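Enquirer: Dropping the structure in here first, questions after.
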Amino acid sequence: MRRNIALIPAAGVGERFGAGKPKQYVEIVGKTVLQHTLDVFLNCAAIDKVAVVLSPEDNVFQTGIHEKLHVLKVGGETRAESVRNGLFALLQSGLAEDTDNILVHDAARCCLPQAALLRLIETAGACEEGGILAVPVADTLKRAADNAIDATVPRSGLWQAQTPQLFRAGLLRQALAVPDLSAVTDEASAVEMLGVHPRLVLGDARNLKLTLPQDEYIVRLLLEQAD
Ligand code: CTP
Ligand code: MG
């Protein structure tokens, strides 16, 4: 039986958010950002395990004991390294097998609606090539040159990638087993380099990533709605 295993990289420092501590530990609407994110997966019956990747130096993380939750203190210098280290730890410890589905999801996307998560599992979970949540680009796009508009770029066919990104563990292991991860901006990009074309599954505008200080306002409103 193929399992659905969430892998949550949470080993970043949150430099752009600038809270004086990693943004995943900022408390919004009664819980840390990371706890909100973990709860989306822990509360989803289709998810069998949740593995969170922390920095080896992390001495802040605290959570209630949950039978589905596994803590991996193997975070790396970059997000891609954290994901690779976490995946390899899961496979080496026997917590995951090559045939399982791995759902990589940013700790900083704490407003992921359950419906979008289920849509990804149902649509991409059965596909050998895997898939990601993404939304079609809504705004008109401009290419800049010296702070002026150089050209208007057609947006047709352009999507903005979100997470979770779902792949068979074996495929993701192969995709991330490259000496240089610097070109890997998300898991899909690594899989694409193998010549595989992951599915695009409709995401949700509410699934935004807490990145800049002004994002906190919207995240707070969304979390208040959800509770
Ligand atoms: N992440 C990680 N390991 C890293 C860098 C990032 O696990 N070395 C995680 C972050 O904790 C976050 C997710 O990857 O949940 C998305 O990254 P991002 O939004 O860029 O977070 P930070 O790297 O923490 O923020 P910044 O780039 O502003 O420093
Ligand atoms: Mg970052």
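Enquirer: Rounded, prolate or oblate: which one fits region 1-65, using the alpha carbon gyration tensor with axes a ≥ b ≥ c (rounded when a/c is under 1.5, else prolate when a/b beats b/c, else oblate)?
Expert: Verdict is prolate for region 1-65.
Enquirer: Please tell me the relative contact order of the chain in percent, rounded to the nearest whole number, where contacts are Cα pairs under 8 Å and at least six residues apart.
Expert: 24
Enquirer: Enter the accessible area of residue 50 (Å², nearest 10), with the probe set to 1.4 Å and all protein chains included.
Expert: Here the accessible area works out near 0 Å².
Enquirer: Just to be sure I understand: of the beta bridges DSSP finds with both ends in the chain, what percent are antiparallel, rounded to 5?
Expert: 50
Enquirer: Please give the charge dipole size of region 80-227, origin at the Cα centre, charges +1 on K and R Cβ atoms and -1 on D and E Cβ atoms. Round to the nearest 20 debye.
Expert: Dipole of region 80-227, to the nearest 20 debye: 220 debye.
Enquirer: What do you reckon, how do 128, 67, 192 stack up by accessible area (1.4 Å probe), largest on top?
Expert: From most exposed to least exposed: 67, 128, 192.
Enquirer: Right, here's the next one. What accessible area per residue comes out for the chain, rounded to a whole number of Å², with a 1.4 Å probe?
Expert: Dividing the accessible area of the chain by its residue count gives 51 Å².
Enquirer: Mind running the shape call on region 1-112? Use the C-alpha gyration tensor, a ≥ b ≥ c as the square roots of the eigenvalues: rounded below 1.5 for a/c, prolate if a/b tops b/c, oblate otherwise.
Expert: Because a/c hits 1.5 or more and a/b fails to exceed b/c, region 1-112 counts as oblate.
Enquirer: Rounded to the nearest 500, what is the 222 nm mean residue ellipticity of the chain from helices alone, with -39500 (n - 2.57) per DSSP H run of 4+ residues and division by all residues?
Expert: So the helix-based figure for the chain works out to -8000 deg cm²/dmol.
Enquirer: Tell me which lysines have Cα within less than 30 Å of residue 68's Cα, excluding those fewer than 8 residues away on the same chain?
Expert: 21, 23, 31, 49, 209
Enquirer: For region 120-181, which whole-number percentage of the solvent-accessible area (1.4 Å probe, protein heavy atoms only) is attributable to carbon and sulfur atoms?
Expert: Solvent-exposed carbon and sulfur of region 120-181 make up 49 percent of the total.
Enquirer: While we're here: At a 1.4 Å probe, what is the % contribution of carbon and sulfur to the accessible area of region 1-93?
Expert: The computed percentage sits at 48.
Enquirer: Can you give me the convex hull volume of the Cα atoms of region 126-227, divided per residue and expressed in Å³?
Expert: Convex hull of Cα atoms, per residue: 171 Å³.
Enquirer: Kindly report, to the nearest 10 Å², the accessible surface of residue 186 as traced by a 1.4 Å probe over protein heavy atoms only.
Expert: Per-residue accessible area (residue 186): approximately 30 Å².
Enquirer: When all protein chains stay in place, what accessible area (Å², nearest 10, 1.4 Å probe) is found for residue 152?
Expert: Approximately 80 Å² of residue 152 is accessible to the 1.4 Å probe.
Enquirer: Any idea what % of Cα-Cα pairs in region 94-181 are farther than 19 Å?
Expert: In whole percent, the share of Cα-Cα pairs in region 94-181 beyond 19 Å is 55.
Enquirer: With unit charges on the beta carbon (Lys/Arg positive, Asp/Glu negative), name the residue among 18, 96, 219 whose Cα is farthest towards the positive pole of the charge dipole of the chain.
Expert: Working it through, the farthest residue towards the positive pole turns out to be 219.
Enquirer: Pull out a ≥ b ≥ c, the square roots of the eigenvalues of the alpha-carbon gyration tensor of the chain, then state rounded if a/c is under 1.5, prolate if not and a/b is larger than b/c, and oblate in the remaining case.
Expert: rounded
The values are calculated or read from the model by the stated rules, or taken from the named source; none is laboratory data. In this text the structure is predicted, and so the values were computed from the model without any measurement. Note that we place each Cβ from the backbone using ideal geometry, even for glycine, and neighbour counts take in every protein chain shown. These accessible areas exclude ligands, DNA and RNA; they are computed on the full protein's heavy atoms, side chains included. Shrake-Rupley method; radii C 1.70, N 1.55, O 1.52, S 1.80 Å.
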